[in-house]
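Single-structure report; data block below.
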Amino acid sequence: MTILDAYGLISGKKDMMYCVITRLELMELRRIVEKYDGSAFITVSDISEIIGDHIKKTSKVQQEVIAQQMEQREKAFAESEE
């Protein structure tokens, strides 16, 4: 998983999470994202090739921790906009 600084033309500054997961993990990821950000924009793509050796499986506990960190970052960003 990678967290990127992004900027939406309408929404402004946002954090973007980029994940490569299996089809079996998709429903769980959707559940986690819906729990923490029901308005999140999600894209799903088929991958034909991956090059590199940085691929590690993320446990459900790690996914929850990452989701909590994203929620904290989103709250901090929202507070800075006020």
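The values are calculated or read from the model by the stated rules, or taken from the named source; none is laboratory data. The structure presented is a predicted model; accordingly, all values stated were derived computationally and were not measured. In this analysis, Cβ positions are derived from the backbone assuming ideal geometry, glycine residues included, and neighbour counts consider all displayed protein chains.
Of all residues in the stretch 4-25, none are within 23 Å of Glu79 (Cβ to Cβ), charged (D, E, K, R), free of Cβ contacts under 8 Å to residues at least 60 places away in the same chain and in a helix (DSSP H, G or I).
Of the residues making up the stretch 5-25, those that are surrounded by 10 or more Cβ atoms within 10 Å (Cβ to Cβ) and in contact with an Asp or Glu (Cβ under 9 Å, 6 or more places away or on another chain) number 8. Checked against the criteria, Met70 does not count as surrounded by 10 or more Cβ atoms within 10 Å (Cβ to Cβ), aliphatic (A, V, I, L, M) and in a strand (DSSP E or B).
Residues that are closer than 20 Å to Asp5 by Cα and not polar (S, T, N, Q) within the stretch 33-46 comprise Val33, Tyr36, Asp37, Gly38, Ala40, Phe41, Ile42, Val44, listed in sequence order.
Condition check for Val61 on (1) in contact (Cβ under 8 Å) with a residue 40 or more places away in the chain; (2) in a helix (DSSP H, G or I): one failure, at (1). When restricted to residues that are under 12 Å from the mean Cα position of the chain (by Cα) and more than 17 Å from Gln68 (Cβ to Cβ), the stretch 31-43 contains 3.
Listed by first and then second residue, the pairs linking a residue in the stretch 29-44 that is assigned to a helix (DSSP H, G or I) to a residue that is at pLDDT below 85 and charged (D, E, K, R), with Cβ atoms under 8 Å apart and 6 or more places separating them unless they lie on different chains, are Ile32/Glu64; Tyr36/Glu71; Tyr36/Glu74.
Being of a type in the set (A, V, I, L, M) and surrounded by 10 or more Cβ atoms within 10 Å (Cβ to Cβ) is a description that applies to Leu29. Just the residues that are under 12 Å from the mean Cα position of the chain (by Cα) and basic (Lys, Arg), please, taken from the stretch 15-30. Residue satisfying the conditions is Arg30 alone. The single condition among (1) within 13 Å of the chain's Cα centre (by Cα); (2) on the phi > 0 side of the Ramachandran plot; (3) of a type in the set (Gly, Ala, Ser) that Gly12 does not meet is (1).
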